[in-house]
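Okay, structure first, notes after.
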Amino acid sequence: MNDIVQLGDQVGLIGDVQGDTRFLHDAVVTPTSRGCNSLVQLGDFGMIWRGTRSEIQSGLWRL
């Protein structure tokens, strides 16, 4: 596989999330509000989704 991914002009980098949804939210909102059109997860995502109401309402499942 030699697919090249076009990330755009400004790329945001996200480190270890470790299951912290507040951190993840800020790590997505802040760079995108500053013009980043792509985000790259570099660390340990660490999310376990159970499908609970609070997980669904958080909207983070769309990431």
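The table that follows gives values for the structure above.
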| read-out | value |
| --- | --- |
| Condition met for ASP16 (part of a loop (DSSP other than H, G, I, E, B) and at pLDDT below 85) | yes |
| Count of residues meeting criterion [β-branched (Val, Ile, Thr) and modelled with pLDDT under 80] in segment 22-60 | 2 |
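The values are calculated or read from the model by the stated rules, or taken from the named source; none is laboratory data. If you're wondering where the values come from, they're calculated on a predicted model, not measured in any experiment.
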